[in-house]
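The structure under discussion appears below in the form of structure tokens.
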Amino acid sequence: MQGNAPTPDGQVADAPQDNWVDLYAPAWSRPYLRLSRADRPIGTWLLLIPCWWGLALAIFDDQAPRLFDLWIAVGCGLGAFLMRGAGCTWNDITDRDFDGQVERTRSRPIPSGQVSVKQALFWMVLQALLGLAILLTFNRAAIALGVLSLLPVAVYPYAKRFTWWPQVFLGLAFNWGALLAWTAHSGSLGGPAVLLYLAGIAWTLFYDTIYAHQDTEDDALIGVKSTARLFGTDTARWMKYFLVATVSFMGLAVIEAGLPDAPLFAMLVALAGPWAMGWHMAWQLRGLDIEDNAKLLQLFRVNRDTGFIPLIFFCAALLA
């Protein structure tokens, strides 16, 4: 690690230098928090934001906010932190041999020897059980969806071994919260939630292709597949397709949720959300340089703001 200031022992290569885990967490806890990517919180935001999309759009659909919705929002936040941690721990367990051969990932806790596989398994189960405790406070349909979400989570780490499109499997897992939060509010799954889910998958293809470009050389050497390797220098064109799909599916979700009862002004405010999100994604495309890893990481991280943009408009539409 390079820099003017000393870095804590075991710091992961792509973690921000000033992350709270390495600065403030007790030394014994740092390897486990690094397994959960608590030192890189962007993934928690990317998992949580679709949950809040789904909740806001469900309220917009039935125009019936409830006090329990506050707990759904908080529970999704806690659950996103825990289940993202459990999923990342599972990912590091299954990828431990690959991670040791990639420059960016060889400093992760398992390949660097900070924790054993057995310790990582225990940590994964503990996080999953805490997440389950939160899930059990929701209605039965949401609980069933939460249990079903374990399938794409379990498959994702292996996807890069058999398909050029592992980002699709990540999208299936990371945007499940749009379905779950909608159902936690409404009691059943609705068409707008499915459209919102598809929008989230397209968005994941957008931002995770950016992220995957950091590892294309190492991935080629060890035989790991990704959309970044598949698209290569044609990435920008594919990203435009994902941008259009994100905006289109989200716009359709808003229209289906709002018709026929939402006031016209509220509908227009909600529709401004995907429109503004699309412009933010277009701004990212203008700055894309697939040869500049620092820029790639920067663009990937700004997708927290990208996801908040439609959420702000959805919440404003509820007040309109």
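For LEU132 and TRP164, FRET efficiency with R0 = 45 Å and r from the beta-carbon atoms, rounded to 0.05?
It comes out at approximately 0.85.
In degrees, nearest 10, range 0 to 90: what is the angle between the Cα axis of helix 303-319 and the longest Cα principal axis of the chain?
Taking the Cα atoms of the chain, the angle to 303-319 is about 20 degrees.
From the protein chains alone at 1.4 Å, what is the descending order of accessible area for LYS160, LYS240, largest first?
LYS240, LYS160
In debye, nearest 20, what is the charge dipole magnitude of the stretch 91-202 about its Cα centre with +1 on Lys and Arg Cβ and -1 on Asp and Glu Cβ, if you could check?
Dipole magnitude for the stretch 91-202 comes out near 60 debye.
Order these peptides, 24-31, 146-153, by their mean beta-carbon neighbour count within 10 angstrom, highest first.
Result, highest mean first: 146-153, 24-31.
Just from its helices, what would the mean residue ellipticity at 222 nm be for the chain, if runs of 4 or more DSSP H residues each count -39500 (n - 2.57) and the sum is divided by every residue, rounded to the nearest 500 deg cm²/dmol?
Calculated at 222 nm, the ellipticity per residue is -23000 deg cm²/dmol.
Using +1 on the beta carbon of Lys and Arg, -1 on that of Asp and Glu, and nothing else charged, what's the dipole of the chain about the Cα centre, debye to 20?
Roughly 380 debye for the chain.
Please work through the chain and write down the cysteines that have no neighbouring cysteine Cβ at a distance under 4.7 Å.
When partners are defined as cysteine Cβ atoms under 4.7 Å apart, the chain leaves CYS88, CYS315 without one.
Could you order CYS88, CYS315 so the one with the most accessible surface comes first? Probe is 1.4 Å.
CYS315, CYS88
Taking all protein chains together and a probe of 1.4 Å, list TYR156, TYR197 from the most accessible to the least accessible.
Ranked list, largest accessible area first: TYR156, TYR197.
How big is the C-alpha Rg of the stretch 202-320 next to the rule-of-thumb value 2.2 N^0.38 Å, as a ratio?
Compared with the compact-globule rule of thumb, the stretch 202-320 sits at 1.23.
Tell me, in nm to one decimal, what length is gained between ALA154 and TRP20 on full extension, where the rule is 0.36 nm per residue of separation less the Cα-Cα distance?
Fully extending the segment from ALA154 to TRP20 adds 45.4 nm.
Working from the alpha-carbon coordinates of the stretch 27-150, get Rg over Rh, Rh being the Kirkwood radius.
1.05
What do you get for Rg/Rh over the chain if you use C-alpha atoms and the Kirkwood form of Rh?
Value, to two decimals: 0.97.
Compute the signed sum of charges (Lys and Arg +1, Asp and Glu -1) over the other residues within less than 11 Å, Cβ to Cβ, of LEU48.
Around LEU48, the charge tally is +2.
The values are calculated or read from the model by the stated rules, or taken from the named source; none is laboratory data. Since this is a predicted model, take the numbers as computed values, not measurements. Here Cβ is always computed from backbone atoms with ideal geometry, including for glycine, and neighbour counts include all displayed protein chains. Surface accessibility is based on the protein's heavy atoms, side chains included, excluding ligands, DNA and RNA. Shrake-Rupley method; radii C 1.70, N 1.55, O 1.52, S 1.80 Å.
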